[in-house]
Amino acid sequence: MIARPELNRRHFLKTALLGGATAAVARWGVRPAMAAAPAPGSTPAAAPVAAGATGRPSRVAVTVGEDRANIAFQGLKAFEKEIAAAIGDKRVIIKPNNVDINTPLACTAAENLEGILEFLKSISKNKVVIAECSAGNTVQGFANMGYNRLAEKYGVPLMDLDTQPCEVLACFDQKDLRPHPVRMSSVLLDPNSFVISAAKLKTHNLALATLSLKNIVLAAPVKTGGRSDKSIVHGGGARGIHFNLANLAFRLHPHVAVIDGFQGMEGEGPSRGTPVEHRVCVVSPDWLAADRVGLELMGIDPAKVGYVNFCSQLAMGETDLTRIEILGPALKDHIKTYKLPANTDQQLEWMQPVSQQG
């Protein structure tokens, strides 16, 4: 569990760096946990297996087609029994990615959510909420993206997480090497919430890519009392954001990843990029495996994405493609190389060790 913040550097570093993370993550010069991505169309080379692997391959569904809702639905159907059992009596939280409420390309499409809602209807799960805490006006974002129609059609409430309770966790800032308290949504932290990350394939100007984990962690900080805590989780730069993503993932992670790549975003993501007509969807109960497959489909070298490496080293999921069973077509047939942000070289500072200071 992530400790509540004590504004004391020694206590923070002792409690926030869990188990084996202490040596690997605290230095910030950690060796990538996986080999560089193979060239599109080639067979991926064997990579180190994530610590604590069960010996069974993770499964990731990859669906393709011209119906955005249907490819999400079909991806989820591949895990129907598993998901139904895992939900049980929990409330299902569908978390879209509405980072910019005035830019549809940057947000989760209503059709993607419709595919998820149709799946949940098919397994008779009625306690469902669409919940978000966007950078702008969340309620206006719901209206702009057409979610009100879905709420009426499926009888599903729309929840602004800023109106719900929160609790305080600690985040690291690379500029002062200190813990900072962050108010996080209790809804996403609630053990009785089953969280579905309705993410998108997008590039990002600080974490290189936006996939299922970042969609949860970066939305959890709330905006109340005249201030927003979202910038704190960004950690002051590329080192800080990857650390915070990995550290907070112990509590803030999706139970199912649904990554919509029907129309992805490349270039200056997460909100100023350009469209990629990709026509894919990635679904898995192993969110880290889903993010790894998403990177593969985007032609992004996973060794360059810090949180994926850190989470792999912490055994949060599978990142070795040779241990991931792909349900669907071969990945090599659907890779599109996304243009990366202009500041990519600066983003890769997390890969370099921090000089030791006295």
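Laboratory data are not the source of any read-out in this text; all were calculated from the coordinates shown. Predicted model only: the values in this text are computed from it and were never measured. With ideal geometry, Cβ positions are generated from the backbone for all residues, glycine too; neighbour counts draw on all protein chains shown.
Quick rundown of the values:
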{"item": "Straight-distance crosslink candidates among aspartates and glutamates, where the alpha carbon sits under 13 Å from residue 332 and sequence neighbours closer than 8 are dropped", "result": "296"}
{"item": "Under 29 Å from the Cα of residue 336 - lysines, other chains or at least 8 residues apart", "result": "77, 95, 200, 202, 214, 304"}
{"item": "Stretch gain in nm, segment residue 192-residue 346, where the contour uses 0.36 nm per residue and the Cα spacing is subtracted", "result": "51.5 nm"}
{"item": "Dimensions (Å) - the stretch 92-244, Cα atoms, principal axes, largest first", "result": "49, 30, 28"}
{"item": "Whole-angstrom Cα spans of the stretch 178-292 along principal axes, big to small", "result": "39, 32, 25"}
{"item": "Spin-label pair residue 67/residue 143, simplified geometry with 7 Å Cα→Cβ offset, distance in nm", "result": "3.2"}
{"item": "Residues 228, 271 arranged by fewest to most Cβ contacts within 10 Å", "result": "228, 271"}
{"item": "Label-point separation in nm, residue 124 to residue 272, each point 7 Å along Cα→Cβ", "result": "5.1"}
